[in-house]
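**Student:** Okay, here's the structure, questions in a sec.
The values are calculated or read from the model by the stated rules, or taken from the named source; none is laboratory data. What you see is a predicted model; the values in this text were computed from it and never measured. When we count neighbours, we look across all protein chains shown, and the Cβ atoms used for this are built from the backbone with ideal geometry, even at glycine. All accessible areas refer to the heavy atoms of the entire protein, side chains included, with ligands and DNA or RNA removed. Shrake-Rupley method; radii C 1.70, N 1.55, O 1.52, S 1.80 Å.
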Amino acid sequence: MKLRIALIAAAAVTALAAAPAVLAKTFRWSSASDIPTLDIHSQNNALANGVHASVYDSLVYYNSQTFRPEPQLATAWKEVSPTQVRFTLRQGVKFSDGTPFTADDVVFSITRAMAKTSNYQVYTQGIDKVVKVNDNTVDFMMKGPNPVLLNQLTELRILSKAWAEKNKSTDPKDIRTKDETFAHRNAMGTGQFMVKEWQPDQKLVMVKNPNYWGKNDSNVTEIVYTPIKSEATRVAALLSGEVDFILDPSPQDLARMRANPNLKVIDGVENRTIFFGMDQFRDELPGSNVKGKNPLKDVRVRKALYQAIDSDTLHRVTMRGLSQPTGTLIAPQVAGWKESLHKRMPFDQAGAKKLLAEAGYPDGFEVDFACPNNRYINDEEICQAVTAMWSRIGVKAKLRTLPLVTYFPMIQRYEASIYMLGWGVPTFDALYSLQSLTRTVGQGGDGNYNVGRYSNERLDTVVDRIKTESDRPVRERLVGEALQISNDTVSHIPLHNQIIPWAMKKNIDVVHRADNRLDWRQIKVN
């Protein structure tokens, strides 16, 4: 096995202003939703993963300029065999409580990420077990060759085994239930910051970790995160100086913010695709007027819903240009993307009506439709617009919108007939999307966000081959085939790739990343 890094080197856009300030500073920032948990193996949520990375380290982490994995808690790695990779651990590292970091913590954390209640099994794909060689060395024993192991490890953070055992948090919190563990509201990592206070949906305060081992170019010693759902209130907080930075400014306010001499806005294409998923498992949809069968199981119905969406209008009006309409489940930065797969099926309202009639629904049907209202750019507005578009072909989508903290557990319980999801790709490799979204629900991360329970036997076979295929041309061909099957069977309805603007005060320096997360090592308040 060769540990190739199957990704496209993403160009990071750096926002530079004045010279670095000498004095330590507080960095205040906001976005629409709060993190769902502090447990690093509970809910695979991009906002939370970015925040967790300030408190916890992984063995390797992406360089914000090149997006290639570089050493973090591991200083070196080598292949002992195609199914055994040895990692040398950084010595002298301490957790924020002063206890030493050792191989025991790595073995414990990776094993915890593989637990039944973990939502991070997609990152442990291909790992059989982790074995301690000595205090400073671990071996990853693989089920087969894994060409994207390093990419997966960027999202597998390490927590203190002793702390977790002491606080009865050896298993991750199950996001599908309301049960809590100590690790849900508390943290113990080796990262630059440590949690001082978290009041869910109100405020998260982090302060500098006095035991941090690494080099830190940032002058920030305190981070205050305030979730603000209202777009207008969020922008007002930036304009008034209440916050220094907002991760998700509203598209309609961008022109005003760009013109403000006290602010700056930087943009970049995110590696996140927004799409709709559909329940293709139940024999009858709850709340639908169609009894005894599920219309969404018919590919003609799924295609009709797809072709009834006017993506150009969504791009121009709803998104105000902050989108890249697409016909596939991965963005251009992700290894496996092709222009031919990216091309959307045409908007065709008449054709959609014809397809519905052929499927036996000439008058349409009623269907449940669930969307978040504080997770993606204009998520609720997109769903409202699509509801109107579907009504023109007779489909009466009964739209309900929920905040992130309740929305994701709900869809994970398979309680939505049609749902919105935005899928970023931390590994920058198509396997992450194919395994999570299109593989039949199973073990080890298979179908962990396939909450419509789509299933295709040929696609499963291809995805399973991709997992261990190390010959690049063969692997690329298999990825292309899998994505084509997804397109042909309308496993999902792709909408667009997000274009992410960040807005901030003029004195803030950050590096814009394609994964839409802040690099805490490089923030400066001047």
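**Student:** Out of Ile523, Ile493, which single residue is over 19 Å from the mean Cα position of the chain (by Cα) and modelled with pLDDT of 95 or more?
**Tutor:** Just one listed residue meets the conditions, Ile523.
**Student:** Here is a follow-up. Just to be sure I understand the filter: pairs with C-beta atoms under 9 Å, separated by 6 or more residues or on different chains, first member in the stretch 292-312 and at positive phi, second member surrounded by fewer than 24 Cβ atoms within 10 Å (Cβ to Cβ) and at pLDDT 95 or above. Which pairs pass?
**Tutor:** So the pair list comes out as Gly292/Asp283; Gly292/Glu284.
**Student:** Looking at Ile499, is it assigned to a strand (DSSP E or B), open to solvent by 10 Å² or more (accessible area, probe 1.4 Å) and not basic (Lys, Arg)?
**Tutor:** yes
**Student:** Here's a follow-up. Within the group Lys116, Lys129, which residue is part of a strand (DSSP E or B) and open to solvent by 20 Å² or more (accessible area, probe 1.4 Å)?
**Tutor:** Lys129
**Student:** Then there's this: Does the stretch 422-438 hold any residues that are open to solvent by less than 10 Å² (accessible area, probe 1.4 Å) and hydroxyl-bearing (Ser, Thr, Tyr), and which are they?
**Tutor:** Thr427, Ser433, Ser436, Thr438
**Student:** Additional query: Looking only at the stretch 321-365, filter to residues that are among the hydroxyl-bearing types (Ser, Thr, Tyr) and not in a helix (DSSP H, G or I); which one of those is farthest from Pro501 (Cα to Cα)?
**Tutor:** Applying the filter and picking the extreme gives Tyr361.
**Student:** Against the condition touching a Leu at 6+ places or on another chain (Cβ under 6 Å) and not small (Gly, Ala, Ser), how does Val80 come out, does it pass?
**Tutor:** no
**Student:** Every residue in the stretch 474-496 that is hydrophobic (A, V, I, L, M, F, W, C), open to solvent by 10 Å² or more (accessible area, probe 1.4 Å) and touching a helix residue (DSSP H, G or I) at 6+ places or on another chain (Cβ under 6 Å), please.
**Tutor:** Ile485
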